[in-house]
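Trainee: What follows is a structure written as structure tokens; I'll ask about it next.
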Amino acid sequence: MYRLHKFAAAIALAGMPGILPAQSFPSKPVRIIVAFPPGGGTDIVARTISPKLSDALGQQVVVDNRAGASGLLGTELAAKAPPDGHTIFMGTLGNLSVNPLLFPKAPFDVARDFAPLTQAVSVTFMLYVHPSFPVKTVKDLVTLTKAHPGQINYASSGSGGAPHLAAELFNSLAGVKMVHIAYKGSGPSFIDVLGGQVPLTMDSLTQGLPYVKSGRLRAVATLGPTRSPVLPEVPAVGETLKGYEVVNWFGLVAPAATPRDVVNRLHGEIVKILRMPDIKERLSSQGADPVGSSPEEFGAFMKSETAKWARVIKEANIRAD
């Protein structure tokens, strides 16, 4: 009878929301939701680690692109997914730390609805222009935009994303006015910059490097505090515009009620992957430096980034378009 009671209790526990015995995970394919279309930096990083994660978990790991509403659509879908570890979210600085500031009425709360797994990468951002655009330096861009206020457009992945923040911070510090053209992800924004419909964007080296190498885009400057070893000849914006610095990041989270043993399993496997020599080399060569922080470290980091960008958003008067 005692054994029967133990068995019944185990069945009852397994059926309770948020409670899942570790040995039953994963019991089906795992999906990584990306809140942008295919081809963007977040998508590239997710697709770089997903085959290795599939091998580690013994289940297929698929990348599920859910673009729209400045990343809110995919973020909400992930927040409301069953908390069993079979759905995780590859978020960005914009998704996880900035959107709560710009969209306070969003139908989810990042701090409440997600369990941090790890910061996956720190991402180098660049100022890119179409080769036909008469800008080769940061000084050129400042001079041109001051001569033509409100007439120079820039493309971004959407309102509240790092490309949007980067350009608006540039506007504020340089005392210029470029006009924001928001897209549903970096992939679509790059299409119009490549086609010359929009002259410039500020986005990840992960995505833009192939276009720079092929001559389809010109890298004018890196947005980080120092030059990138991937393109060491390209100066930092801060060398001309003092105080300017933007570094993006991507990280993985799970629905908040995901059991701790499942969180630990996912965290451990993902960090192992980020430390694999071939993955480190592949990501670093594209300007995405692997991090692999603990869940606690990543949770604290997201909060610190929200506080940092709250000040910048207020000072630069950045708003969701």
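The values are calculated or read from the model by the stated rules, or taken from the named source; none is laboratory data. Bear in mind that the values here come from a model prediction, so they are computed numbers and not experimental data. Glycine also receives a Cβ, built like all others from the backbone with ideal geometry; neighbour counts cover every protein chain displayed.
Results for (1) touching a Ser or Thr at 6+ places or on another chain (Cβ under 6 Å); (2) at pLDDT below 95, shown as yes or no for each residue.
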| residue | (1), (2) |
| --- | --- |
| Met1 | no, yes |
| Ala14 | no, yes |
| Val30 | no, no |
| Ala35 | yes, no |
| Pro51 | no, no |
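Trainee: Name the one entry in Val246, Val220, Val234 that is surrounded by 13 or more Cβ atoms within 10 Å (Cβ to Cβ), closer than 18 Å to Pro163 by Cα and at pLDDT 95 or above.
Mentor: From the options Val246, Val220, Val234, the qualifying one is Val220.
Trainee: Additional query: Give me the pairs, please: first residue somewhere in segment 100-114 and surrounded by 13 or more Cβ atoms within 10 Å (Cβ to Cβ), second residue anywhere and aromatic (Phe, Trp, Tyr), beta-carbon distance under 8 Å, and either six or more positions apart or on two chains.
Mentor: As it stands, the answer is Leu101/Trp309; Phe114/Phe89, since those pairs meet every condition given.
Trainee: Which is over 24 Å from Ile88 (Cβ atoms) and touching a Gly at 6+ places or on another chain (Cβ under 9 Å), of Val230, Val291, Val271, Val220? Explain how you work it out, then say what you get.
Mentor: Numbers: Val291 fails: over 24 Å from Ile88 (Cβ atoms); Val271 fails: over 24 Å from Ile88 (Cβ atoms); Val220 fails: touching a Gly at 6+ places or on another chain (Cβ under 9 Å).
Testing whether each residue is over 24 Å from Ile88 (Cβ atoms) and touching a Gly at 6+ places or on another chain (Cβ under 9 Å) leaves just Val230.
Trainee: When only residues in segment 251-261 that are in contact with a Phe, Trp or Tyr (Cβ under 9 Å, 6 or more places away or on another chain) and not in a loop (DSSP other than H, G, I, E, B) count, which is surrounded by the fewest Cβ atoms within 10 Å (Cβ to Cβ)?
Mentor: Only one residue tops the list, namely Asp261.
Every residue, every condition in (1) basic (Lys, Arg); (2) not assigned by TED's automatic domain parsing to the domain that holds Gly85, yes or no:
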site	(1), (2)
Leu117	no, no
Pro131	no, yes
Pro134	no, yes
Lys139	yes, yes
Thr143	no, yes
Ala147	no, yes
Ser159	no, yes
Pro163	no, yes
Phe170	no, yes
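Trainee: Search segment 271-300 for residues that are farther than 15 Å from Val253 by Cβ and pair each with any residue that is basic (Lys, Arg) and part of a helix (DSSP H, G or I) when their beta-carbon atoms are under 8 Å apart and the residues are at least 6 apart or on different chains.
Mentor: Ile273/Lys52; Leu274/Lys280; Met276/Lys52; Ile279/Lys52; Pro290/Lys280
Trainee: Can you tell me which residue is surrounded by the most Cβ atoms within 10 Å (Cβ to Cβ) among those in segment 262-310 that are in a helix (DSSP H, G or I) and hydroxyl-bearing (Ser, Thr, Tyr)? Step through it out loud before you land on a result.
Mentor: The initial filter retains those residues of segment 262-310 that are in a helix (DSSP H, G or I), namely 262-274, 277-284, 295-310.
From what's left, hydroxyl-bearing (Ser, Thr, Tyr): 284, 304, 306.
Numbers: Ser284: 15, Ser304: 11, Thr306: 18.
So, considering only residues that are in a helix (DSSP H, G or I) and hydroxyl-bearing (Ser, Thr, Tyr), the one surrounded by the most Cβ atoms within 10 Å (Cβ to Cβ) is Thr306.
Trainee: Among what's in segment 50-66 and is part of a loop (DSSP other than H, G, I, E, B) and in contact with a strand residue (DSSP E or B) (Cβ under 8 Å, 6 or more places away or on another chain), pick the residue that is nearest to Gly160 (Cα to Cα).
Mentor: Arg66
Trainee: Now, a different point. With respect to Glu305, determine if the residue is of a type in the set (D, E, K, R), touching a residue at least 40 places away in the same chain (Cβ under 8 Å) and assigned by TED's automatic domain parsing to the domain that holds Val253. Before the answer, list the steps.
Mentor: On the way: of a type in the set (D, E, K, R): yes; touching a residue at least 40 places away in the same chain (Cβ under 8 Å): yes; assigned by TED's automatic domain parsing to the domain that holds Val253: yes.
Here the answer is yes, as Glu305 does meet what is asked.
Trainee: In segment 57-91, which residues are under 19 Å from Arg265 (Cα atoms), touching a residue at least 40 places away in the same chain (Cβ under 8 Å) and touching a Lys or Arg at 6+ places or on another chain (Cβ under 7 Å)?
Mentor: His86, Thr87
Trainee: Here's a follow-up. Conditions: (1) surrounded by fewer than 20 Cβ atoms within 10 Å (Cβ to Cβ); (2) over 30 Å from Arg216 (Cβ atoms); (3) out of contact with any Ser or Thr (no Cβ under 9 Å at 6 or more places or on another chain). Ala79 meets all but one. Number of the miss?
Mentor: With (1) surrounded by fewer than 20 Cβ atoms within 10 Å (Cβ to Cβ); (2) over 30 Å from Arg216 (Cβ atoms); (3) out of contact with any Ser or Thr (no Cβ under 9 Å at 6 or more places or on another chain) applied to Ala79, the lone miss is (1).
Trainee: Need the failing condition index for Phe170 against (1) part of a loop (DSSP other than H, G, I, E, B); (2) farther than 17 Å from Ser70 by Cα, just the number.
Mentor: Checking Phe170 against (1) part of a loop (DSSP other than H, G, I, E, B); (2) farther than 17 Å from Ser70 by Cα, the one that fails is (1).
Trainee: On to the next question. May I ask you to list the residues in segment 206-250 that are more than 22 Å from Gly187 (Cβ to Cβ), assigned to a loop (DSSP other than H, G, I, E, B) and of a type in the set (Val, Ile, Thr)?
Mentor: Thr226, Val234, Thr240 - these are the residues of segment 206-250 that are more than 22 Å from Gly187 (Cβ to Cβ), assigned to a loop (DSSP other than H, G, I, E, B) and of a type in the set (Val, Ile, Thr).
Trainee: Scan segment 253-261 and give yes if some residue there is modelled with pLDDT under 95 and either over 19 Å from the mean Cα position of the chain (by Cα) or outside the structural domain of Gly74 (by TED's automatic domain parsing) (or both), otherwise no. Break it down stepwise before answering.
Mentor: Here is the first cut: in segment 253-261, the residues modelled with pLDDT under 95 are none.
No.
Trainee: What are the pairs with Cβ atoms under 7 angstrom where one residue, in segment 136-155, is over 13 Å from Pro199 (Cα atoms) and the other, located anywhere, is of a type in the set (D, E, K, R) and part of a loop (DSSP other than H, G, I, E, B)? Sequence gap at least six, or different chains.
Mentor: Note: pairs meeting the criteria are Pro149/Lys177; Gly150/Lys177.
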